[in-house]
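The next block holds one structure in the form of C-alpha cells; read it before the comments.
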Amino acid sequence: MLPVHVPRLGLSIIEEELESYDQLLRERRDLRKGWYIERRDEAKLLTGLGEIRYHKTYFYNRKTGEYCYLLDQLMGLEKHARISEDAEARMLEEAVESSYRKGGINASIGEQEVSKETVMKKLHALEFPKLKPLDEKRKVSRLYIDADEDHVSLQYLEKKGDIKKPRVNTVMPKLVYVYEDVDFDGSRHELKECHFFGGDYAGTEGTKELWQEVFEFIENSYAEDVLERIYVNGDGAEWIRTGAKMHAKAHFVLDRFHMHKYILSATSHLKDSAQDARSEIYRAIRGKQKQAAEAAFDKILKVTESEAKTKAVESAKNYILGNWPGIMEAVKAKDEKLQCSAEGHVSHIYADRMSSRPLGWSRTGADKMSRLRIYRQNKGNMLELVRYQKQELPLAAGAEEVIYSATQMLSAESRNRAKLGELADVPVYSIPYPHIKKIAALKNHIWGL
C-alpha cells in the first residue's frame, strides 16, 4: 500500500495543473475568442488516487448564446463529470470480476467510493467497439467456431416489477468464438488465435447482427483464397444453425458433448444392456446409417416401460436424427480438432459472474455485463474502453476554436523542439506558451495513472 503522502502529492499536482490551465483560459483572450467570463466555481472530481477539488471558470459565448466550462471541453470531460477516466476504468475492472459494490470501492485508492447504483448506470451506458481484425491476413485452410449460450435469471426487464409471466424471466447471452487450431501440452487444451464475440443479441435480427460481426472479422483477418472450410460447432440451436448458413464455407457440426449426452440419457436405464445399446447407436453413426440409428432407438423404446424414460428416449431419438447432417459432417471430416469446448467457456466467461450465484439482472444489465466479459476475454483495456465512450463527446458551439488554438500552439512548440534537439528539455523562454504542452500531457497520461 502506498504511503498516505504519495497519493496526496499526486492529487495536489493534478489540482495545481487544472487550476493553471483554467487561469490560462481566463488570462488569454486569444485562446477563447468570443467567450467571456461569467463566474468561477469550485469542482470535485474522483480520480484513481482520490478526490480532487479545484476551481474552473464558467464562460459565456455572446455569438452562440451558450454557456460552457471551457476547461472541461479542453480536458475532454463530460458535462457534470464526477469521475475521471482512470477511476472509471478501475471501477469496471472490479465490477466485471465481482460486483457493482466492490467496483465502486475499487474506483479510488483513497477513502472515497462510488455507489453501486452509479456503477450500474455506468455499465448500462457502455458502448463497445467492434473487435479489430488481425494486423495481417493469416493463411489457414480451416477455421473453427464454437457457439453456445448461458441462461441468466432476470429480476426485471427495464424496471422492477415489469415481469408478469414466468417464461420471460431469463435472458440467454450468446457466446461465439473463432480459433485456428487446438494445442495440447499434455495437461490441457489451448485454442490458437482465439477471438470472442457475444452479448444478448436477442431475436432474429440480433442473431444476424452477431454472425455478421463474426464473419466480417473472419473476412478481414483471413485470406479468402486459402480458407477452404469453417466448422461451426454447437448444440443444434436454431441461432447456431443460422450462423452456419450465412457463409458459403461454413458447415454446422453437432458438438460431441451434446451427442454423447443424449445417447447416455436414452440408454442409462438399461443397466447391463446399456453399453450394447450405446455401441449399436455409435456403430450406426460411424457407418453413416441413419436408418440403423433409428432402429436402435426403436429397439430401446420397446423395452422401456417408464413413461418418463420413454420421453427421454424419444427426445434423444429426435435430437440425434434431427441433427444427423451435423453429426455426419464431423464423421466425414475426420478432424480431431472438432472438440467443442463451449460449455467450459460459457461457464468461465458468463456463468462465473452472471448465473452461478443467485443474482437478478435486468435485460440491459445482462447484455452489457456479458459484452464487458467478452471485451475483457479479448484482452481489452478498460481505460481504452472508457475513452471510447468519449470519442463522440460534442463540443459547445464555438469551443472548437479554443481547442484548435491550443493545438496550433502545440504544433509550434513541436517544431521548436525539433530545432533544439537535445536542448529541448532545457527551460528556454523563446518557446511559445510552454504551459500549453501540459494540456496534452494531462489528457494522455495523468488520467491514466
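The values are calculated or read from the model by the stated rules, or taken from the named source; none is laboratory data. Predicted model only: the values in this text are computed from it and were never measured. Neighbour counts run over all protein chains shown; Cβ positions are idealised from the backbone, glycine included. Please note that ligands, DNA and RNA were not included when accessible areas were found on the heavy atoms of the full protein model with its side chains. Shrake-Rupley method; radii C 1.70, N 1.55, O 1.52, S 1.80 Å.
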Scanning region 305-328 residue by residue, those in contact with a Leu (Cβ under 8 Å, 6 or more places away or on another chain) and either over 20 Å from Ser265 (Cα atoms) or among the hydroxyl-bearing types (Ser, Thr, Tyr) (or both) turn out to be Thr310
Taking region 233-260 and keeping residues among the charged types (D, E, K, R), in a helix (DSSP H, G or I) and at pLDDT 95 or above leaves Glu238, Arg241
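Being open to solvent by 40 Å² or more (accessible area, probe 1.4 Å) and without any contact (Cβ under 8 Å) to a residue 24 or more places away in the chain: is that true of Glu343 here?
Details: open to solvent by 40 Å² or more (accessible area, probe 1.4 Å): yes; without any contact (Cβ under 8 Å) to a residue 24 or more places away in the chain: no.
The answer is no for Glu343.
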Within region 190-215, restricting to residues that are free of Cβ contacts under 8 Å to residues at least 24 places away in the same chain and of a type in the set (Asp, Glu), the one that is surrounded by the fewest Cβ atoms within 10 Å (Cβ to Cβ) is Glu205
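Table: residues versus (1) under 23 Å from Asn106 (Cβ atoms); (2) hydrophobic (A, V, I, L, M, F, W, C); (3) touching a Gly at 6+ places or on another chain (Cβ under 7 Å); (4) assigned to a strand (DSSP E or B).
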position	(1), (2), (3), (4)
Thr64	no, no, yes, no
Gln73	no, no, no, no
Glu78	yes, no, no, no
Ala81	yes, yes, no, no
Ala87	yes, yes, yes, no
Met91	yes, yes, yes, no
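Here's the yes/no breakdown for (1) among the hydrophobic types (A, V, I, L, M, F, W, C); (2) touching a residue at least 60 places away in the same chain (Cβ under 8 Å); (3) within 22 Å of Gln389 (Cβ to Cβ):
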{"residue": "Lys33", "(1), (2), (3)": "no, yes, no"}
{"residue": "Tyr36", "(1), (2), (3)": "no, no, no"}
{"residue": "Ala43", "(1), (2), (3)": "yes, no, yes"}
{"residue": "Thr47", "(1), (2), (3)": "no, yes, yes"}
{"residue": "Ile52", "(1), (2), (3)": "yes, no, yes"}
{"residue": "Phe59", "(1), (2), (3)": "yes, no, no"}
{"residue": "Gly65", "(1), (2), (3)": "no, no, no"}
{"residue": "Leu70", "(1), (2), (3)": "yes, yes, yes"}
{"residue": "Leu77", "(1), (2), (3)": "yes, no, yes"}
Within region 198-232, the count of residues that are under 18 Å from the mean Cα position of the chain (by Cα) and part of a strand (DSSP E or B) comes to 2
Only unsatisfied item for Phe128, checking (1) outside any loop (DSSP other than H, G, I, E, B); (2) closer than 30 Å to Ala237 by Cβ; (3) not basic (Lys, Arg), is (1)
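Suppose we keep only residues that are buried (at least 20 other Cβ atoms within 10 Å of the Cβ), hydrophobic (A, V, I, L, M, F, W, C) and in contact (Cβ under 8 Å) with a residue 60 or more places away in the chain within region 96-119. Which one would you say is nearest to Gln389 (Cα to Cα)? Can you show your working first?
Initially, region 96-119 is screened for residues buried (at least 20 other Cβ atoms within 10 Å of the Cβ), giving 100, 103-104, 106-108, 114, 119.
With hydrophobic (A, V, I, L, M, F, W, C) added as a condition, the list becomes 107, 114, 119.
Still in the list and also in contact (Cβ under 8 Å) with a residue 60 or more places away in the chain: 107, 114.
Working: Ala107: 17, Val114: 19 Å.
That would be Ala107.
Kindly indicate whether Leu372 is outside any helix (DSSP H, G or I), under 30 Å from Leu123 (Cβ atoms) and among the aliphatic types (A, V, I, L, M). Working first, answer last.
Values: outside any helix (DSSP H, G or I): no; under 30 Å from Leu123 (Cβ atoms): yes; among the aliphatic types (A, V, I, L, M): yes.
So Leu372 does not fit the description; no.
Of all residues in region 24-47, how many are open to solvent by less than 80 Å² (accessible area, probe 1.4 Å), out of contact with any helix residue (DSSP H, G or I) (no Cβ under 8 Å at 6 or more places or on another chain) and either in a helix (DSSP H, G or I) or not basic (Lys, Arg) (or both)? I'd like the intermediate steps shown before the answer.
We begin by selecting, within region 24-47, every residue open to solvent by less than 80 Å² (accessible area, probe 1.4 Å); these are 24-26, 28, 30-32, 34-35, 41, 43, 45-47.
Filter once more, so that each one left must be out of contact with any helix residue (DSSP H, G or I) (no Cβ under 8 Å at 6 or more places or on another chain): 26, 28, 41, 43, 45.
In the following step, the residues that additionally are either in a helix (DSSP H, G or I) or not basic (Lys, Arg) (or both) were identified as 26, 41, 43, 45.
The qualifying residues number 4.
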Filtering region 216-254 down to residues that are of a type outside the set (A, V, I, L, M, F, W, C) and open to solvent by less than 10 Å² (accessible area, probe 1.4 Å) yields Ser221, Tyr222, Tyr231, Asn233, Gly234, Gly243
**OP:** Say whether the condition of being within 30 Å of Gly34 (Cβ to Cβ) and assigned to a loop (DSSP other than H, G, I, E, B) is met by at least one residue in region 104-115.
**Re:** no
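Residues checked against (1) modelled with pLDDT of 95 or more; (2) of a type in the set (A, V, I, L, M):
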{"position": "Gly110", "(1), (2)": "no, no"}
{"position": "Leu131", "(1), (2)": "yes, yes"}
{"position": "Arg138", "(1), (2)": "yes, no"}
{"position": "Tyr144", "(1), (2)": "yes, no"}
{"position": "Asp148", "(1), (2)": "yes, no"}
{"position": "Ile163", "(1), (2)": "no, yes"}
{"position": "Val171", "(1), (2)": "no, yes"}
{"position": "Tyr179", "(1), (2)": "yes, no"}
{"position": "Val182", "(1), (2)": "no, yes"}
